[in-house]
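Notes to accompany the following structure.
The values are calculated or read from the model by the stated rules, or taken from the named source; none is laboratory data. Computed from a predicted model, the values in this text were never measured in an experiment. When we count neighbours, we look across all protein chains shown, and the Cβ atoms used for this are built from the backbone with ideal geometry, even at glycine. Side chains included, ligands, DNA and RNA excluded: accessible areas come from the protein's heavy atoms. Shrake-Rupley method; radii C 1.70, N 1.55, O 1.52, S 1.80 Å.
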Amino acid sequence: MSIAPLDFESIWQTADRPDAGELGLCVHCGFCLNACPTYHDLGVETDSPRGRIALMRGLDDGRLSWSPRVQQHFDQCLQCRACETACPSKVPYGRLMEATRAEAFAQDRWPRRQRIIWRVIMRGLFPYPRRMRLAGYGLKLYQMSGLQSLVRCSGLLKRLAPKLAEIDALSPNADRPFYSNAEAARVSPKQTPRANASLVTGCMMPLAYPDTHRATVNVFARNGVAVDAPSAQVCCGALHAHGGDIEAARDLARSNIDAFTPVGSELPDAILINAAGCGSHLKEYGHLLRNDAAYADRAAAFALRVRDVHEWLVEIGFEPPIGRIERRVTYQDSCHLSHAQGIRKAPRQVLTSIPGLELAEMRTPDRCCGSAGIYSVVQSEISQRVLAEKMSDVLGTGADQICTANPGCMLQLDAGIARFDDDKRMIPRSIHAIELLDESYRLGDEGQSR
Amino acid sequence: MKTPTALVLELIEAIGDDAVVWHDEDLLVYEYDGTIDRGNPDVIALPADTDDVSALIRIANKHGAPVTPRGAGTGLSGGALAARGGVIIGMNRMRQILNVDAENKTALVQPGVVNLDLGIEAERHGLAYAPDPSSQRACTIGGNIAENAGGPHTLAWGTTTNHVLAVELVTADGEVQWIGHDTRDEPGYDLVGCVVGSEGTVGIVTQALVRLVPRPTAVRTMLAVYDSVRDASNAVSAVVASGIVPAALEMIDKMTIAAVEPVLNTGFPLDAEAVLLVEVDGPESQVEAEGARVESILRRFEPREVRSATDHEKREHLWAGRKGAIGALGQIMPNYYLLDGVVPRTKLPDVLDAVYEIAERYRLPVANMFHAGDGNLHPCLLFDEREPGATARVLDAGGEIMRVCVDAGGAITGEHGVGLEKRDYLPWIFTDADMDAMKALRAAFGPTENFNPCKIFPAGHGCGEAGHQHHAQQQIAKFGPKAFV
Ligand SMILES: Cc1cc2nc3c(=O)[nH]c(=O)nc-3n(C[C@H](O)[C@H](O)[C@H](O)COP(=O)(O)OP(=O)(O)OC[C@H]3O[C@@H](n4cnc5c(N)ncnc54)[C@H](O)[C@@H]3O)c2cc1C
Ligand code: SF4
Ligand code: SF4
């Protein structure tokens, strides 16, 4: 798609602006309304997909000025992309919203405080694995010293700094040893590998969900795939792109392209990812760097190799597990797996392959849980209401555990269990399907069942 | 900074400020529905219950502001547009299913309930809500009642009017009334029948008691590919003549096939002229017998092939080309104009020829999909609104196509309503006396001046120049304004 020449009077100021042709695809049929969690919650069309597109068009054709009110409607979007699944006209909503946010970011349309926090955390912390790890150790200390329980019990934080209390409720349990990229190479397939893959370990997963990575490497090794985790990799930049910090996202993308596909080397058969939000963004690297002469082709080639773990496991075929796990599990479709990548069946195939495991479906398993990256922190009120609705659906299934495919969703749902599972019936931590599969393999080997 | 008007302040006082939308930038998103037309409301009010609705209407009346009800705004005739400004009453927050009575097979719902959500709830009781417009994922029961919505399964089960037993209505003067009864045949006039299909011009439906039907235990879907529309149409007539009432009988034409095939991999031959979809449902034994008979009828008209499926997934695959048609057309041109005419079934092939001729004359690609069993056709004109003059061509072509339907002994709407969009064409099917009688009926429900003004009847005073009107005038000048009966 060609980029319109920068128009002097246009409200847009960068080449990342929403594409007018893509905006024009919306025929305002309204099919997306009922799929949208914020329309459901707020009950106004300004906070619906069709409404937000109309606002973008209003800006685009100069009928609207970019008021804080307009910005608020954009900010309240979860970017869950349920509207894309519902849209018969295939409007690329996610892309349009990212473009709009990129403009908002470039044009300084955020409150000052929000900008400062963003710069400190998203630019100063997330891109640097070592700083992330340090922060992780800080969290570990806070949790292991008993300080966290003290703070939570006393309710002090809630009174002094409610926002911090919300963040605290969402903080991961850092009780497991952090994942180190060097671990991957220590597990190898028994026979000559039938394929090789590079694992994207990400910024938060090694700290919050290290066992998901361990399970991923185990499962693929068992199925004949040699997995490595390039040590020079960095955060994928999904959160940056979703927030509109597109330049930071591009920097991170270039670093990862260099780390995974150094010039002159052969591409791995798959660039594997077990976090849905990262996966959908990695698949967009081609689009992100389309105007970068040095990286455009490499980015496109990179994007073509990206595979979600469920997707690839089903694609290459996997050994049926035999260890029994007697458990009722409900599967939450992570938005960026189902709506953004169209992957719905594969995770269920993995789950139902496990003997003893019963899959108990929710009424709307593909409705957002309200996590949405940093949304749960910046738009906590809406996020909490969306979560409340999700949890009532979850509890209605009578499941023992929630399985999902993205770290943000796991944190949010764990907070949901803590808040809503009054009878303390559920396993308090949600789990990734790949971990259940790994466990079933292990139990099978040990001749046990659970 | 805009200051709220006295009207806005009073509305806010009545229902709270998070239920009233009045800032300019926010009003912009309530300008449209699923059509091309636009209307500019002054304020949107979002009631939570019947009392709110009544209060809102009274406040609007006090200020002399027009009132327009709105559901999900998926309508295709501009019914939910604020043609003369004023207050839009958005019913979307009243979305509770109040009760499902499985024994008596009824459900009591608020009007903002989405059609599919009712269907899913009914399914939990082994029942179904029969009217299934293609927009069912989003459109509301209130909007369905107003437009007397239909869908593929209308052939066997009838349109919305056959499924509404009673409604709670707030009339144009703010009075609340229950109309109808939970028994199926009430003595006296069928007033519910007047409300259903009244396009939101006689009051606001605030509750509805609807009929549910048993879920079929078995379903069989058949798909037949034909080399000519005439063969396909003859097959349709033969199926209907056989006495079997299929649950659905749908047709798509060549252009639609060409659009869906590359996107959805339906496996349709690109040079086929028509694809028929027939569904039979009911108890297992009946489905088996009727399915076999339908299949043999379909085969009599020399199809290229007939496919058949009974399990859910395979049936969905057969339906994919029909259900995904609109979206696939978007790959050819960004905008579509979906027409809605009905003609006697036997006239389908001739009418279709005329539709192709008109579309070609206006240089517009056209794809056709129809509820063939009902003779309800939906020509879909494709265009790009950014191309200067394209919208005008579409509206002109649309007018001519409607005329063709009328000339064939049909009508200008099958299920989308007259609304704002087709009101000027009404004299093509009704005499002045007919229209006066309808206006008198409408007036019997309450004052009409400010309640959903400018809809159904040809433009009155103060309705302004809606986008399409100029084109309608041209067509009327060409074909004459009078009833063709
Ligand atoms: C792609 C597409 C496909 C469609 N397919 C079909 C189809 O197969 N069959 C079909 O019949 N229609 C179809 N439609 C048209 C539309 O979906 C229906 O007319 C639907 O019934 C409108 O419901 P809504 O809630 O969107 O109402 P709206 O569009 O909001 O309003 C429609 C009318 O209802 C009135 N209204 C709304 N709520 C109330 C209430 N509570 N009380 C009184 N009046 C009220 C409004 O004033 C307006 O006149 C389609 C539309 C689209 C965009
Ligand atoms: S991305 Fe999600 S929250 Fe945003 S408009 Fe689409 S459905 Fe609504
Ligand atoms: S479903 Fe798609 S085309 Fe329809 S209103 Fe929503 S975004 Fe626009």
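Shielding value for A:16-29 is 4, the average number of Cβ atoms from other chains within 10 Å of each residue's Cβ.
Charging the Cβ of each Asp and Glu at -1 and of each Lys and Arg at +1, and nothing else, the dipole of chain A about its Cα centre rounds to 860 debye. Secondary structure note: in the protein assembly as shown, about 70% of the DSSP beta bridges are antiparallel. For A:S265 and B:A289, the FRET efficiency from 1/(1 + (r/R0)^6), where r spans their Cβ atoms and R0 equals 60 Å, is about 0.35.
The relative contact order of chain A comes to 14 percent, based on Cα pairs under 8 Å that sit 6 or more residues apart.
Set the Cα radius of gyration of region B:110-218 against 2.2 N^0.38 Å, with N its number of residues, and you get 1.03. Restricted to Cα atoms, region A:181-315 shows a radius of gyration and a Dmax of 14.3, 45 angstrom.
Quick one: plug the Kirkwood hydrodynamic radius of region A:18-101 (C-alpha pairs) into Stokes-Einstein at 20 °C, 1.002 mPa s, and report D in µm²/s. The Stokes-Einstein estimate is 171 µm²/s.
Each part reduced to its alpha carbon centroid, region B:65-81 and region A:169-248 end up 51 Å apart. Derived scalar couplings between HN and Hα for region B:429-439 equal 10, 10, 7, 4, 4, 4, 5, 5, 4, 5, 5 Hz in order, rounded to whole Hz, by the Karplus curve 6.51 cos²θ - 1.76 cosθ + 1.60 (θ = phi - 60°), x for Gly and Pro.
Compactness of the protein assembly as shown is given as radius of gyration and Dmax, 29.3, 89 Å, from Cα positions.
Pair-distance distribution of region A:1-155: all C-alpha pairs, bin width 5 Å, starting at 0; shares per bin in whole percent are 2, 8, 14, 16, 14, 13, 10, 9, 7, 4, 2, 1.
What total accessible surface area, summed over both chains, is buried at the interface between chains B and A, computed with a 1.4 Å probe and given in Å² to the nearest 100? Intermediate results must be reported in sequence, preceding the final value.
Details: alone 20200 and 20310 Å², together 37420 Å².
So the total buried area for this chain pair works out to about 3100 Å².
Distances over 37 Å make up what percent of all Cα-Cα pairs in chain B? Everything past 37 Å amounts to 28 percent. Rounded to the nearest Hz, the phi-derived 3J(HN,Hα) couplings of region B:366-376 under the Karplus curve 6.51 cos²θ - 1.76 cosθ + 1.60 (θ = phi - 60°) are 10, 10, 10, 9, 9, 7, 4, x, 9, x, 9, where x marks glycine and proline.
Give me the lysines in straight-line cross-link reach of A:K390: C-alpha distance below 19 Å, same-chain residues under 8 apart excluded. Straight-distance partners of A:K390: A:K424. The phi-based Karplus calculation (6.51 cos²θ - 1.76 cosθ + 1.60; θ = phi - 60°) puts the 3J(HN,Hα) values of region B:322-336 at 7, 5, x, 4, 4, x, 5, 4, x, 6, 8, 9, x, 10, 10 Hz, whole numbers, x for Gly and Pro. All C-alpha to C-alpha distances of chain A, sorted into 20 Å bins beginning at zero, yield P(r) values of 24, 59, 17, 0 percent in whole numbers.
May I ask you to derive the relative contact order of region B:97-214, considering only C-alpha pairs under 8 Å and at least 6 residues apart, and to give it as an integer percent? Kindly include the intermediate steps, with their values, before the conclusion.
Numbers: 234 pairs, mean separation 37.5, N = 118.
Normalised by residue count, the contact order of region B:97-214 is 32 percent.
Pairs of lysines 8 or more apart, or on different chains, with alpha carbons under 15 Å: count those in chain B, would you? List each step's numbers first, then the result.
Details: B:K314/B:K323; B:K422/B:K455; B:K422/B:K482; B:K439/B:K455.
So the count works out to 4.
Taking all Cα-Cα distances within region B:218-328, those exceeding 17 Å account for 49%. Placing pseudo-labels 7 Å out from each Cα toward the beta carbon at A:T14 and A:R133 gives an inter-label distance of 3.1 nm. Note that region B:149-188 shows a convex hull volume over its alpha carbon atoms of 93 Å³ per residue. Using C-alpha pairs under 8 Å with a sequence gap of at least 6, the mean separation divided by the residue count of region A:181-315 gives a relative contact order of 25 percent. Remark: the protein assembly as shown carries 40 Å² of accessible area per residue (probe radius 1.4 Å; ligands, DNA and RNA excluded). Just how many % of Cα pairs in region B:354-482 lie over 26 Å apart, if you round to the nearest whole percent? The share of Cα pairs beyond 26 Å in region B:354-482 comes to 26 percent. Taking A:I257, A:I434, A:I273 as the candidate residues, the one with maximal mean-square fluctuation in a Gaussian network model of chain A, Cα springs under 10 Å, is A:I257.
Assuming a ≥ b ≥ c are the square roots of the Cα gyration tensor eigenvalues, decide whether region A:282-392 counts as rounded (a/c under 1.5), prolate (otherwise, with a/b larger than b/c) or oblate. Here region A:282-392 falls in the oblate category.
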